[in-house]
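Trainee: There's a structure below that I have some questions on.
The values are calculated or read from the model by the stated rules, or taken from the named source; none is laboratory data. In this text, all values refer to a predicted model and were calculated from it rather than measured experimentally. Ideal geometry is used to build each Cβ from the backbone, glycine not excepted, and the neighbour counts take in all protein chains shown. Side chains are part of the model used for accessible areas, which takes the heavy atoms of the whole protein and leaves out ligands, DNA and RNA. Shrake-Rupley method; radii C 1.70, N 1.55, O 1.52, S 1.80 Å.
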Amino acid sequence: MRAKIPLAIGMALLLLMLVCAAVPSWFAPYDPLEFDFAALLAAPSPEHLFGTDQFGRDMLSRTIYSARIDLQIAVFAMGGPLLIGSLIGLLVGWYGGWADAVFGRLADVVVTFPFLVLVIAIVAILGPGLINMYIAVACVGWVVYARLMRGEVRVQKAADYVAAGRVLGYSTGRILFRHVLPNAVRPVLVYAVTDMALAILLGSSLGYLGLGAQPPEAEWGALIADGRNFFTTAPWVSLTPGVAIVLAGLGFSLAGDGLAALLDVKR
Amino acid sequence: MSALLSASNLTRRFPGNRGLLDMLARKPRPVVHALSDVSIDVSAGETLGIVGESGCGKSTLARCLVRLIEPDEGNISFDGADVGSLEGPARRKFNRAVQMVFQDPYASLNPRMTVGSTLAEALRVHEIVPAAEINARVASLLDLVQLPATAATRYPHEFSGGQRQRIGIARALAVEPRVIIADEPVSALDVSVQAQIVNLFMELQERLGLALVFITHDLRLVRHMTHRVAVMYLGRVVEIGPVEDIFTAPRHPYTRALISAVPQLTPGLLRGEPAVRGELPSPLSPPSGCAFHPRCPIALPQCAAERPALDARGGTWPVACLRADEA
Amino acid sequence: MMASRDDSTGLTVRELRVVFDTSRGPIFAVDGVALDVAPGEVMGLVGESGSGKSVSLRAVARLLHANARVTGSVRWRGQELLSLSDDQMLPIRGAQIGIIFQEPMAALNPVLPIGLQIEESLIAHTTMDKAQRQARALQLLDQVGIASGATRLAQFPHEFSGGMRQRAMIAIALAASPALLLADEPTTALDVTIQDQILRLLLRLKDELGMALLLVTHDLGVVAETCTRVAVMYAGRVCETGPTADVFANPHHAYTAALLRAMPGSGPAQAKLIPIPGMAPRLDAPSPGCAFAPRCTVSEPLCTTTRPPFVQEATRSSACYGRARL
């Protein structure tokens, strides 16, 4: 069916990224930290398919070895907001009332600030580093998940199968987690997968600015930043991690779309 | 027969919506009087029909009876005990005894749970049978509503509307209730399938001695399958009594209008004046006095001023019309 | 009777087929429908969901979307409608053939006052000037029983109650004085006392304006009270047609008989109803025989293999091998 092909391509790209992250030595032709002074800033060639940087390190190998950090960023920068936001959204959507009103105002305040600016401000206060970046993203990113979840929960709350559960005397916890949550979670999950692409971009942006992963941990954004001085003379230094970011983003987007169709509930 | 479930003087108001202009003008928030002073009861083995048009409060009544909605005034008692204050295990016991079947067979089943797990959940929560016997009980419930045992492993979307309604009935029956409140349970179904479900209700009632409250807008169904009927108009019961008596000699002019507005199966073209003129008034601003008076063919001037009480008025069943004893 | 009906004055539908192309394959929604509506008569088209009654009506009015393949013949006053271009269809639909639907709220424009919507119909189909149009709009509201027309014309659909909206939609449909009104479940969304009013209104307008009415409904009671003739549909096919009184008294098709028996009120109270066993037919794989055979209590082997032919006699026609056993 129409959803299958994008989903397959997306999953293939993500699988590639996952395997690269798990066992980079299978794919990387060189040690990513090995200096080759005979080939400084070498253009792509049979020896170095994607060229080398100013220390003669193989760009393909560096990019492949960085996948682990980027995947970690994708998971954690998405996971924190997902868990916090979904739980808040589930509760305020179900209980409504003053909790919902407080949530609404708070969410309005958070989204008034540009996302990236807010994250950078928080990281600047906490200090650079991945852990602090995850905290900053969680502080800002939960709002989207909470809003998605809240809206869906309010729809499901009005459905008769929820009324049936209440007539059967089911506890609120049972109704919330066994009935409402599985039916309300789809848009949140779909968004989460696409959000991982944004998380990688965010991690790269912060890496580029020096606020994310700290050396020697390499991450695609940092790699691009490394190459910025040679962009006119040796574009492959920035281009190789750039292509990786695009492919990962594409993978997450396609997988997200495919997942949306796959999780579509039949009535 | 003593009443198993009875509601007395139920009143329920809902806040209506107020526009920005009204809000600025500090107009009071409008109130919908969904139920006003409604009293009904049902006994074991009996079917009480609740009939009326949109906005008459029949669905609100259904939801009050199973405590999905709490009434503002009045009380509900089951087996002689007041149920309004029940909480915790006592409330669950009441839930177990009084079950509901919903109108929409598509929305009333959790689409992400198999039929088997939907039924098993009800059995497990109320500890109806030991864990080891749950599968066997699920199979016998499916058999009770005439579905194959293989239905247990399938999802709601794999079934037709009529089959889903059977699943909804099986879920209600799983907890061995004594009363079933059925809110328009067949109005979403085609005639040919509707008859299957109606028969099922009648069979189950006979076999299990259930008390059944059957809420519908379909007077043909009411006449066919209920023992007593309460006719509702704009949140109030206007006439309540034995179904055959009411259909043979309705005493409230609204009941008469309703019965004569139902299309008959005997061919013959409609001629002349409609059964009743005018539209249903808005429940936001019900007419004064008897709510039916603006549409009533026999209204007197005092009908606009005085709301007639629901009492026998020289007959054998209660009716809320000043002129009930004249006909 | 069908063949002898004068082709040049009414509506004649023959061999009408509608196939919807979906991602899961074709759906045979209408599968060879024949139908006649004579001037001034009320023809009922009755069936359960999926019988193809509404699709047939929309096919006649050329209102189906691009994924519908429509074949066969729909002749209106001798003119073949299915071969007309959309532009050629304009002066017919709305002017000669009016249409009303189940949900007036979906058919009315929510942001235009009712008066303007009636006028639009008049602009499209008549040569009246503004003063004439306004007078006509007032007259139409009066005709459909909407009191204080002058104020009502300036109001929006949301200010009307359900019954009033249906009346307003009828007024718009009648604006250009059509000779045929197609009504698709016009009272299904209404309460029973309002349904009674609207059905009487439709019958009165039919008499006053001398138009014909094709009424699609699922309610046999509505048919009994409003239709002079009826066609019973099942699974995209017509089972039988004939004068309503004859069809109800003595059905010639097993499905009609079963449907009448399944109605509450057809037998004594508290007795078991006689349901039709099984489920609605699948439209993606039409049966080579009679579509009703799997649910039929009087079927014979032939029913499942060969489609029963239409048998015509006097005023009635039917397609059922089991007629003698009914």
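Trainee: Write down the radius of gyration of the stretch C:108-177 and its Dmax, each obtained from C-alpha positions, in Å.
Mentor: Taking only Cα atoms of the stretch C:108-177, I get Rg and Dmax of 10.7, 32 Å.
Trainee: I'd like the distance separating the alpha-carbon centroids of the stretch C:244-284 and the stretch A:1-77, in whole Å.
Mentor: A separation of 70 Å, based on Cα centres.
Trainee: How much FRET efficiency would the formula 1/(1 + (r/R0)^6) give for residue B:264 and residue A:18, where r is the Cβ-Cβ distance and R0 is 56 Å, rounded to 0.05?
Mentor: 0.20
Trainee: When only Cα pairs under 8 Å and 6 or more residues apart are kept, what is the percent relative contact order across the stretch B:208-327?
Mentor: Over the stretch B:208-327, the number comes to 23 percent.
Trainee: Please give the Cα centre distance for the stretch A:212-247 versus the stretch B:1-48, rounded to the nearest Å.
Mentor: 67 Å
Trainee: Let me ask something additional. Calculate log10 I(q)/I(0) of the protein assembly as shown for q = 0.06, 0.07, 0.08 Å⁻¹, where I(q) comes from the Debye formula with a single equal point scatterer on each Cα and nothing for solvent.
Mentor: So the normalised log intensities work out to -0.57, -0.75, -0.93.
Trainee: Could you run the Debye sum over the Cα atoms of chain B, one equal point scatterer each and no solvent, and tell me log10 of I(q)/I(0) at q = 0.06, 0.07, 0.10, 0.13 Å⁻¹, two decimals?
Mentor: -0.24, -0.32, -0.64, -1.02
Trainee: Turning to a different aspect of this structure: Tell me which lysines have Cα within less than 23 Å of residue C:130's Cα, excluding those fewer than 8 residues away on the same chain?
Mentor: Within the straight-line cut-off, residue C:130 pairs with nothing.
Trainee: May I ask for the distance between the Cα centers of the stretch A:131-170 and the stretch C:290-320, given as a whole number of Å?
Mentor: 55 Å
Trainee: Which distance in nm do the two modelled labels at residue A:124 and residue B:282 give, with both placed 7 Å along the Cα-to-Cβ direction?
Mentor: 5.5 nm
Trainee: Right, another one. What is the distance, in nm, between label points placed 7 Å from the Cα along the Cα-to-Cβ direction at residue C:69 and at residue B:131?
Mentor: Label-label distance for residue C:69 and residue B:131, simple model: 5.7 nm.
Trainee: What is the ratio of the Cα radius of gyration of the stretch A:29-155 to 2.2 N^0.38 Å, with N the residue count, to two decimals?
Mentor: Working it through for the stretch A:29-155, the quotient is 1.56.
Trainee: As a test of reading the structure, rank A:5, B:197 by solvent-accessible area (1.4 Å probe, protein chains only), most first.
Mentor: My answer, sorted largest first, is A:5, B:197.
Trainee: While we're on this one: Which value in Å does the Kirkwood hydrodynamic radius of chain A take, with 1/r averaged over all unlike C-alpha pairs and then inverted?
Mentor: Final number for the Kirkwood radius of chain A is 20.3 Å.
Trainee: Right, something else. What figure, in Å² to the nearest 10, do you get for the accessible area of residue C:125 with a 1.4 Å probe and non-protein molecules left out?
Mentor: Result for residue C:125: roughly 60 Å² accessible.
Trainee: Two decimals is fine: what's Rg over Rh for the stretch C:155-304, C-alpha atoms, Kirkwood radius as Rh?
Mentor: Rounded to two decimals, Rg over Rh is 1.03.
Trainee: Efficiency by 1/(1 + (r/R0)^6): what FRET value for residue B:70 and residue C:116, r their Cβ-Cβ distance, R0 = 45 Å, to the nearest 0.05?
Mentor: 0.45
Trainee: Work out, in µm²/s and without decimals, the Stokes-Einstein translational diffusion coefficient of the stretch A:182-267 at 20 °C, 1.002 mPa s, Rh from Kirkwood over C-alpha pairs.
Mentor: 150 µm²/s
Trainee: Let me ask something else about it. First measure r as the distance between the Cβ atoms of residue A:233 and residue A:27, then evaluate 1/(1 + (r/R0)^6) with R0 = 30 Å and state the FRET efficiency to the nearest 0.05.
Mentor: 0.65
Trainee: According to a simple spin-label model (label point 7 Å from Cα along Cα-to-Cβ), what is the distance in nm between residue C:250 and residue B:158?
Mentor: 4.8 nm
Trainee: Do you know which residues of the stretch B:208-256 lose at least 50 square angstrom of accessible area in the protein assembly compared with their chain on its own, with a 1.4 angstrom probe?
Mentor: B:220, B:224
Trainee: Could you sort the peptides C:247-256, C:79-88 by per-residue average Cβ neighbour count (10 Å cutoff), highest mean leading?
Mentor: For the peptides C:247-256, C:79-88, the packing ranking is C:247-256, C:79-88.
Trainee: Got a sec? What order do C:313, A:152 fall in by accessible area at 1.4 Å, biggest, i.e. largest, first?
Mentor: Greatest to least solvent exposure: C:313, A:152.
Trainee: Of all the accessible heavy-atom surface of the protein assembly as shown, with the other protein chains kept in place and a 1.4 Å probe, what percent is carbon and sulfur?
Mentor: Carbon and sulfur: 60 percent of the exposed surface of the protein assembly as shown.
Trainee: Anything over 28 Å Cα to Cα? Flag those among C:53/C:206; A:157/B:93; C:206/C:272, in the order listed.
Mentor: C:206/C:272
Trainee: Provide A:102, B:31, C:192, C:232 ordered by accessible surface of protein heavy atoms (probe 1.4 Å), highest first.
Mentor: The most accessible residue leads, giving A:102, B:31, C:192, C:232.
Trainee: For the stretch B:61-180, what percent of Cα pairs sit more than 24 Å apart?
Mentor: 30 percent
Trainee: Follow-up question, since we're still on this one. Can you give the helix-only mean residue ellipticity at 222 nm for chain A, where every DSSP H stretch with n ≥ 4 adds -39500 (n - 2.57) and the sum goes over all residues, rounded to the nearest 500 deg cm²/dmol?
Mentor: Counting only the DSSP helices, I get -23500 deg cm²/dmol.
Trainee: How big is the accessible area of residue C:266 in square angstrom, nearest 10, if you roll a 1.4 angstrom probe over the protein chains?
Mentor: Answer for residue C:266: close to 60 Å² accessible.
Trainee: Could you tell me which of B:185, C:101, C:326 has its Cα farthest along the dipole of the protein assembly as shown towards the positive end, charges placed at Cβ (Lys, Arg +1; Asp, Glu -1), taken about the Cα centre?
Mentor: Result: C:326, furthest along the dipole toward the positive end.
Trainee: Please compute the average number of Cβ atoms from other chains found within 10 Å of each residue's Cβ in peptide B:93-103.
Mentor: Mean number of neighbouring Cβ atoms from other chains: 3.
Trainee: Within 10 Å of each Cβ in B:196-205, how many Cβ atoms from other chains are there, averaged over the peptide?
Mentor: If you average over the peptide's residues, the count of other-chain Cβ atoms is 3.
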